[in-house]
Amino acid sequence: MDPKAAVRSWLPAGGPARRLVAAALVDSLGTGLFLAGSALFFTRALGLSTVQVGIGLSLTGLAGFLGMVPTGRLADRIGGKRALVALYLWRGACFCVYPFAREPEVFYVVAFLIGVAEWGGGPIVQGIVGAVEGDAARVRTMAVIASVRNVGFSAGAVLASLVLALDDTTAFSALVLADALTFFAAAAVLTRLPAAANVRSPRARDGRAPTRVRDPRFLALAFLNGVLFLHSVLLAAALPLWIATRTEAPTWVIGGVVVLNTALVILLQVRLSGGADDLRNAARRQRWAGWCLAACCLLTALTARVGPVAATVLVAAATLVLTLGEIWQSVGAWRLSYALSPPESRAYHLSVYELGTSAASAVGPALITWAVAGNGTTGWAALAAGFAAAGSLVVVIAAGAARGIRTPEPPGKAHEPHETAPEPPATAHEPQKPHALHEPSGPHKAHEPREPHETIAKER
């Protein structure tokens, strides 16, 4: 097959979704540039101590956690497209200031402001995908975006290594400014999204009080998704620390873990995104994720008891199952969060769901490194049990949530099994139904018509 044709068939069919993919590639390219050189930029160009850098990064995570839900509310009020473009411009402006943030206090403020925009954008992107893509294509499109982001991160890191070889503080600052330019470029790409990407919440448009998440099952699923998202901490902190201090594997294996994980995600993310077409199958993907992450923990624990060759093989196997867990966690999360988020307040509900991953990123490094460094193989066994339990609980809770949004059976067919699925969109002549999992915080008009969902023509 012609390579160009292969790429076209791999990309989403719709033009709006392809613009989101293009923006993700540009964004991740700049982020890869920055992440590869950030340590040298903070310590050499800005002259900050490692403690000050750590405080700043913690503030970034805290800002993301605190700002995620208000940012989702804002997106529902002004529209996802407008909110996402504003966040990219915000990030670009903050990164333009970074090279001048030589005082710790200024650095802390900039890091905090970056955190709000950095964490708040993810749920909005997912909400826009939900607006411009049909139900059957949403998870696959999110998988394509995730794969493209990994490609961008890798390419950015390679380019950054060439600049870092200059060993010059001006070059380090140039990487940061280049990252800022990629944010402005991504914003420019996103301005071409259609009007459907900027649909506002009907409640916000009418000046009514917004809905609130009141169902504990939704919050429980968000928490469990955060537990499973700790795979990112395993990859970034726990595995490298364990390999370096508790195994006889050569040190190059640490870099090999990252390379193998990135390659597998690029190759498998889209291929494994199929099949999660309802709540039940999405929950099963997260159960598989829990099992895979548990296997990763047990395989890693064994590496402390063997020689260098066997340890290297076990680390490779652990990385493989970790990557599968990472993929199935994200696939399950996308489908679950789409199914349980009412369209009229999708950005807000997706933001609440993402609080689990934000919290995991904030507390996970300290928790996981303590479990591993302080307790050794016992800590790995406890983590394995926790991952397996989290994945299993997702299936149980999602089954209850599925019953809560089950479409009523037609008369005379109550005896037939009904496949769980999210509530179908109403037509302009149907009365609006309150979402079963979420109660409005203000008075509800029982006969208010729901605005019909706009169908987006596929663009080539």
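The values are calculated or read from the model by the stated rules, or taken from the named source; none is laboratory data. Bear in mind the structure is a predicted one, so any value in this text is a computation, not a measurement. Using ideal geometry, Cβ is built from the backbone for each residue, glycine included, and neighbour counts are taken over all protein chains shown. The area values use the complete protein model at the heavy-atom level, side chains included, leaving out ligands, DNA and RNA. Shrake-Rupley method; radii C 1.70, N 1.55, O 1.52, S 1.80 Å.
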Picking from Ile128, Ile124, Ile114, Ile145, the residue that is β-branched (Val, Ile, Thr), touching a residue at least 40 places away in the same chain (Cβ under 8 Å) and in contact with a Cys (Cβ under 9 Å, 6 or more places away or on another chain) would be Ile114
Checking Ala155, Ala136, Ala117 in turn, the sole residue that is in contact with a Phe, Trp or Tyr (Cβ under 7 Å, 6 or more places away or on another chain), under 26 Å from Ile266 (Cα atoms) and either at pLDDT 90 or above or surrounded by fewer than 22 Cβ atoms within 10 Å (Cβ to Cβ) (or both) turns out to be Ala117
Given the condition of a type in the set (Phe, Trp, Tyr), without any contact (Cβ under 8 Å) to a residue 12 or more places away in the chain and open to solvent by 50 Å² or more (accessible area, probe 1.4 Å), answer yes or no: does some residue in the stretch 91-103 qualify? yes
Of the listed residues (Leu35, Leu74), the one being within 20 Å of the chain's Cα centre (by Cα) and surrounded by fewer than 18 Cβ atoms within 10 Å (Cβ to Cβ) is Leu35
Just one listed residue, out of Arg192, Arg149, is of a type in the set (Lys, Arg) and either farther than 30 Å from Pro99 by Cα or open to solvent by less than 40 Å² (accessible area, probe 1.4 Å) (or both), and it is Arg192
Restricted to the stretch 323-356 and to residues being of a type in the set (Gly, Ala, Ser) and within 30 Å of Thr251 (Cβ to Cβ), the residue least open to solvent (accessible area, probe 1.4 Å) is Gly325
Exception for Ala180 within (1) open to solvent by 20 Å² or more (accessible area, probe 1.4 Å); (2) touching a Cys at 6+ places or on another chain (Cβ under 9 Å); (3) within 25 Å of Gly79 (Cα to Cα) falls at (1)
Do the conditions hold for Ser58, that is, is it farther than 27 Å from Val331 by Cα and of a type in the set (Gly, Ala, Ser)? yes
Cβ pairs under 8 Å, 6+ apart or interchain, first in the stretch 210-225 and in contact (Cβ under 8 Å) with a residue 60 or more places away in the chain, second open to solvent by 70 Å² or more (accessible area, probe 1.4 Å) and not charged (D, E, K, R), ordered by first then second residue, are Val213/Leu219; Ala220/Leu393; Leu224/Leu393
Given (1) in contact (Cβ under 8 Å) with a residue 24 or more places away in the chain; (2) buried (at least 20 other Cβ atoms within 10 Å of the Cβ); (3) touching a Phe, Trp or Tyr at 6+ places or on another chain (Cβ under 9 Å); (4) not polar (S, T, N, Q), Ala359 misses just (2)
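Residue-wise test of (1) more than 29 Å from Val148 (Cβ to Cβ); (2) open to solvent by 20 Å² or more (accessible area, probe 1.4 Å); (3) out of contact with any strand residue (DSSP E or B) (no Cβ under 8 Å at 6 or more places or on another chain).
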| position | (1), (2), (3) |
| --- | --- |
| Arg19 | no, yes, yes |
| Gly30 | no, no, yes |
| Leu40 | no, yes, yes |
| Arg44 | yes, yes, yes |
| Ser49 | yes, yes, yes |
| Gly56 | no, no, yes |
*In this structure, is Gly92 at pLDDT 90 or above and not in a helix (DSSP H, G or I)?*
no
Within the stretch 356-372, identify whether any single residue is modelled with pLDDT under 95, within 13 Å of Ala220 (Cα to Cα) and in a helix (DSSP H, G or I), and answer yes or no.
yes
